[in-house]
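The values are calculated or read from the model by the stated rules, or taken from the named source; none is laboratory data. No experiment lies behind these values; they were computed from the predicted model shown. So basically every Cβ, Gly included, is an ideal-geometry build from the backbone, and we count neighbours across all protein chains shown.
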Amino acid sequence: MKPIFKKRVKIALLSIFATIANPSYASDENKHGYFVEEADGVVELIETDMNYRTPEDAKDDFTKFCIKAGDNSDKLPSVQKSLTQIQNASDLGDHIIKRAQDLDVIFCMHSAIDDGIGAHYQYKFNSISLRPEYNITNIIHEIAHALQHDNGSVENDPEWDLISHIKHILMLEATAPVTNIIHGFEMRLNGDDSEWQELRKRGNNSYRFAITSTTLASFESHYQSKIGEGLGHKSAIEYAGNIATKEILMNRGWKNAYIDNILKGYADGIINGSLRTAEMKNGFPTMDQIRTYGDFGKYNISSKMPDDLFTRFDTNLLRNISTQSKSMIRKVEIIRREQVYPNKINTHK
Ligand SMILES: [Zn+2]
């Protein structure tokens, strides 16, 4: 059952980069547009105005520059190759690529992504945006968001207050990387350790990355202990995945990086009027809603998240956040108060 809201707020779900690879194109901060790609991997930026308001606005550019999963076009050959690679490497990979094909998910490569963000999924356009230096981990993470969108869990309510927004997005962002762990782990079980080591490397290189060496070791040992008890592969993966979700939610560096980003989006929403400042309410999320967050069809990850974690998470949410985030919260509160009580402020003239 999908939650129904009167109005949707445009949100982009992100994959925060652990390391920025050396891009194979000449970067120019002042130019924005799509990248087209030659068969030899060389990419070229085609400048375009990317300020689309509706999917209809974006349609022509998507046709020109982007692909859908399952497209047999000559566009974005490296992305097509990555999708095939994911599909062939693991059971989870096969499942999510087929789902992305069913859902007509659009893949684009363009410049309009902030530094430090590897990729994002915009549910308004059902599109995944990649930077030229994207990797497999980014793609899997964003497809997980497309699946979350399909099960109704990405939609949010413009009346939610800040804490509700933060909780909503953090829950979605904590379950998406578990698909990366499962993919890497299934490859490892099949004798290919490369993705698992890649995740380990990214975790070691950045305190903001969701997955740490500890998360990986813990996932593997929980999986093996359940196999030892006679559970099947799927059940053991789900058990280990649920624990990994909780560990990610407790990862302070990861959490603060996302909170910084959510605050920026929230401030934008207040300023551009997509959030209804006068009616803010603590509305989200209920345990039933959270249960849909980790529903990736093949594996259902967050279904067993215990209520006590959620309560604990709620009370600790803004403890130890960065100074930058604290000042952003103050700014947002001032803007909101000015919008809700404009007359009150005018009386101080
Ligand atoms: Zn994300």
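Brief remarks on what is shown
- Members of region 63-77 that are within 21 Å of the chain's Cα centre (by Cα) and of a type outside the set (A, V, I, L, M): Cys66, Lys68
- Of all residues in region 107-140, those satisfying the criterion of being of a type in the set (S, T, N, Q), closer than 24 Å to Phe209 by Cβ and more than 13 Å from the ligand (Cβ to nearest atom) are Ser111, Ser127, Asn135.
- Candidates Ile86, Ile106, Ile96 - the one that is hydrophobic (A, V, I, L, M, F, W, C) and closer than 26 Å to Thr48 by Cα: Ile106
- Flag if Lys98 is part of a helix (DSSP H, G or I) and surrounded by fewer than 14 Cβ atoms within 10 Å (Cβ to Cβ): no
- Residues (of a type in the set (A, V, I, L, M), over 27 Å from Asp102 (Cα atoms) and within 15 Å of the ligand (Cβ to nearest atom)) located in region 147-181: Ile166
- In the set (1) part of a helix (DSSP H, G or I); (2) in contact (Cβ under 8 Å) with a residue 12 or more places away in the chain, the condition left unmet by Pro132 is number (1).
- The number of residues in region 205-243 that are surrounded by fewer than 16 Cβ atoms within 10 Å (Cβ to Cβ) and under 20 Å from the mean Cα position of the chain (by Cα) comes to 2.
- Flag for Asp192 being more than 15 Å from the ligand (Cβ to nearest atom), modelled with pLDDT of 95 or more and either under 18 Å from the mean Cα position of the chain (by Cα) or not in a helix (DSSP H, G or I) (or both): yes
- Beta carbons closer than 9 Å, at least 6 apart along the sequence or on distinct chains, never pair a first residue in region 154-172 that is more than 18 Å from Asp260 (Cα to Cα) and without any contact (Cβ under 8 Å) to a residue 12 or more places away in the chain with a second that is among the hydrophobic types (A, V, I, L, M, F, W, C) and away from the ligand (no atom under 15 Å from the Cβ).
- Checked against (1) within 15 Å of the ligand (Cβ to nearest atom); (2) over 11 Å from the mean Cα position of the chain (by Cα); (3) assigned to a helix (DSSP H, G or I), Gly184 passes all but condition (1).
- Residue list for region 153-163, filter: more than 15 Å from the chain's Cα centre (by Cα) and either aromatic (Phe, Trp, Tyr) or more than 17 Å from Arg330 (Cα to Cα) (or both): Asp157, Pro158, Glu159, Trp160
- Of the residues screened, Asp104 is one that is more than 17 Å from the chain's Cα centre (by Cα), assigned to a loop (DSSP other than H, G, I, E, B) and either of a type outside the set (Val, Ile, Thr) or more than 15 Å from the ligand (Cβ to nearest atom) (or both).
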